[in-house]
Amino acid sequence: MILYTGGTTGLPKGVVLSQFSFILAGLRYGEAFGVRAGERHFSTMPLFHADALQWGIMGPLVNDMTTVVDRRFIASNHLNPQHQVRLSVGAVHGLAPEIPLEFTRRFGIPLLLLYGLTEGGGAMLTTNRDRLTDSNGKLHGWVEIRVADEHGLPVPPGTVGDVLLRPTQPDMFMQGYFADAEKSLASFRDCWLQTGDLGKLEADGNFWFISRKSHWLRRFVLSSGHLRQ
């Protein structure tokens, strides 16, 4: 499968992933959510996105569940007072801390926090499945993680640095960028995937995503009936 990503750091790149990487994502889903056969997953995410494919399709398929993918998100009827949702993904980076807390208080739904990227096989590389912290969780055996300085050397615990990853399972990470050998080669250094993310790793193993190293502001203009960037 080829999934396009990296729109915040340049032109989108085609990430080539094996079929087996999606099976592994389904296994990570089962572990992260503690799923039970017969449960239902509900999603409104677009299916060209790695997370939607892994949470909305592969996770339920691998774990004997039913999936419901709605056409669009509509806030007014997304949840009703009698819902039976027991857990949801929480994409809360950049929000004030009280917002996810208020969400859980109001709707009674705990939020699973996580970290991942398309090049690394998608989501759930780390998860706070024990719900004991508000970090992006721990590794749970799926990857090795190093927070490094500009030379690729580890920084002390709690220090912000470049996030580098190595898989612990075969065919989990991308095989490369489609038709771009130069960027494929540059994405790995000393056998570590260069994520382009900044983060920190505490001594207790909790990982915190901080931000992207580079941010782009995209502007689209409609001119003579054509959309151009």
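Nothing in this text is a laboratory measurement; each read-out follows from the coordinates by a stated rule. Keep in mind that what you see is a predicted model, and the values were worked out from it rather than measured. Ideal geometry is used to build each Cβ from the backbone, glycine not excepted, and the neighbour counts take in all protein chains shown.
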Open item on the list: Going by amide H atoms built from the backbone, whose H comes under 5 Å of the H on GLY176, apart from near neighbours?
Closed with: VAL16
Task: Student exercise, the chain dipole from Lys, Arg, Asp, Glu Cβ charges, in Debye to nearest 20 - done: 680
Open item on the list: Below 8 Å, C-alpha to C-alpha, sequence gap of six or more: please give me the relative contact order for the stretch 2-228 in percent.
Closed with: 19
Open item on the list: So for each of 168-180, 24-36, 87-99 I average, over its residues, the number of other beta carbons within 10 Å; can you give me the resulting order with the highest mean first?
Closed with: 24-36, 168-180, 87-99
- [ ] Would you mind computing the Rg to Rh ratio of the chain from its alpha-carbon coordinates, Kirkwood style for Rh?
- [x] 0.97
- [ ] May I ask you to derive the FRET efficiency for PHE42 and ASP180 from their Cβ-Cβ distance with R0 = 30 Å, giving the value to the nearest 0.05?
- [x] 0.25
Open item on the list: For LYS200, give me every one of the lysines with a C-alpha distance below 20 angstrom, ignoring sequence neighbours fewer than eight places off in its own chain.
Closed with: LYS138, LYS213
- [ ] With a cut-off of 19 Å, note down the residues of the stretch 49-63 whose backbone N falls inside the zone around a label point 7 Å from the Cα of LEU79 toward its beta carbon.
- [x] 56
Task: Sites SER88 and LYS213 - FRET efficiency at Förster radius 30 Å, r taken between beta-carbons, to 0.05 - done: 0.55
TODO: Over all alpha-carbon pairs in the stretch 58-180, figure out the percentage whose distance exceeds 24 Å.
DONE: 44
TODO: Please give the calculated 222 nm ellipticity per residue for the chain, where each DSSP H segment of at least 4 residues contributes -39500 (n - 2.57) and the sum is spread over every residue; nearest 500 deg cm²/dmol?
DONE: -4500 deg cm²/dmol
Task: Pair ASP134, PHE107: separation of 7 Å Cα→Cβ label points (nm) - done: 1.8
